[in-house]
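Before any comments, here is the structure.
The values are calculated or read from the model by the stated rules, or taken from the named source; none is laboratory data. Quantities reported herein were computed from a predicted structural model and do not represent experimental measurements. Cβ placement follows ideal geometry from the backbone for every residue including glycine, while neighbour counts extend to all protein chains displayed.
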């Protein structure tokens, strides 16, 4: 029996429940799906999307679900002051509780992987989770791991990040030889385990034109070139640093399996310009598989029934490919 794939509903005030409802109406998977969140939020999402929910088995534990779709219900009824598209502490709390439930189920092996709908950073802070910036930090806390990374994927391009939730100036300070080498090792080990043998990793430069031999910054000379050399000494197929204005195009053309971007927007912009709607996120460095949509709660369109479920469908498909060791075929 295949352990269920767990799917969190995200922030109820956002588009998460809606895209989940739309995805359920088009389900084509043989793997059991276990939803985690508030039933009322899923019903609200289905109502907005004008779709009917399939039968949902109410369960308390993953072991109770052997086929079809189940739901672990969290929280009480719908808050009286609930409103689509606004920051609400109650919604932030529900979103985090769903992620924590799913993460613990992954850690105890009762589910095969997890897929997450979006949460809202302001809402989870309003709920009192002041140290959790997003999914990656919550899951790292649960797994008690320090070394994690975000990898974005869309057809034809994969981008892992040296750092994500740092200011630009702090991200530049994070570009050190040890940090880059650790991230290259993490990318190599994870992709190898997920079905990409001997992954070809390109390292993006930090400075314009790759620093021009130190004229435009020394990070390439002092950190990136030595880290790439260290990685190659360890048998990692790393190349770079390559100027950021060309490295992503080279990867799209098939020269590399993944690009290591050095800060949030350097990698996110490339992915979202190339193919935003099918882009997904995976977390590296945690001892289980977690994929996610690559968009936020979209409060501006929440409750209007126009949210695109393509990202969630891609995230589920990616999780199933990783489970099958077929990411290299994607």
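Looking at segment 65-102 only, could you name the residues that are at negative phi and in contact with a strand residue (DSSP E or B) (Cβ under 7 Å, 6 or more places away or on another chain)?
Answer for segment 65-102, where residues must be at negative phi and in contact with a strand residue (DSSP E or B) (Cβ under 7 Å, 6 or more places away or on another chain): 65, 69, 70, 71, 72, 73, 74, 94, 98, 99, 101, 102.
Residue check: is residue 41 free of Cβ contacts under 8 Å to residues at least 40 places away in the same chain and on the phi < 0 side of the Ramachandran plot?
no
Filter segment 272-312 for residues that are under 13 Å from the mean Cα position of the chain (by Cα) and assigned to a helix (DSSP H, G or I); which is surrounded by the fewest Cβ atoms within 10 Å (Cβ to Cβ)?
Across segment 272-312, the extreme among qualifying residues is 311.
Looking only at segment 228-248, which residues are over 26 Å from residue 154 (Cβ atoms) and in contact with a strand residue (DSSP E or B) (Cβ under 8 Å, 6 or more places away or on another chain)?
232
Restricting attention to helices (runs of 4 or more DSSP H) lying wholly within segment 123-239, give those where 2 or more residues are touching a residue at least 60 places away in the same chain (Cβ under 8 Å).
Correct list: 135-143, 168-173, 177-193.
So is residue 161 within 24 Å of residue 297 (Cβ to Cβ) and modelled with pLDDT of 95 or more or not?
Considered against the rule, which asks whether it is within 24 Å of residue 297 (Cβ to Cβ) and modelled with pLDDT of 95 or more, residue 161 comes out as yes.
Restricting attention to segment 1-43, which residues are touching a strand residue (DSSP E or B) at 6+ places or on another chain (Cβ under 9 Å), over 14 Å from residue 296 (Cα atoms) and in a loop (DSSP other than H, G, I, E, B)?
3, 4, 27, 29, 31, 32, 38 - these are the residues of segment 1-43 that are touching a strand residue (DSSP E or B) at 6+ places or on another chain (Cβ under 9 Å), over 14 Å from residue 296 (Cα atoms) and in a loop (DSSP other than H, G, I, E, B).
Select from segment 154-167 the residues that are more than 13 Å from residue 261 (Cβ to Cβ) and in contact with a helix residue (DSSP H, G or I) (Cβ under 8 Å, 6 or more places away or on another chain) and write down the one among them that is surrounded by the most Cβ atoms within 10 Å (Cβ to Cβ).
By that ranking, first place goes to 154.
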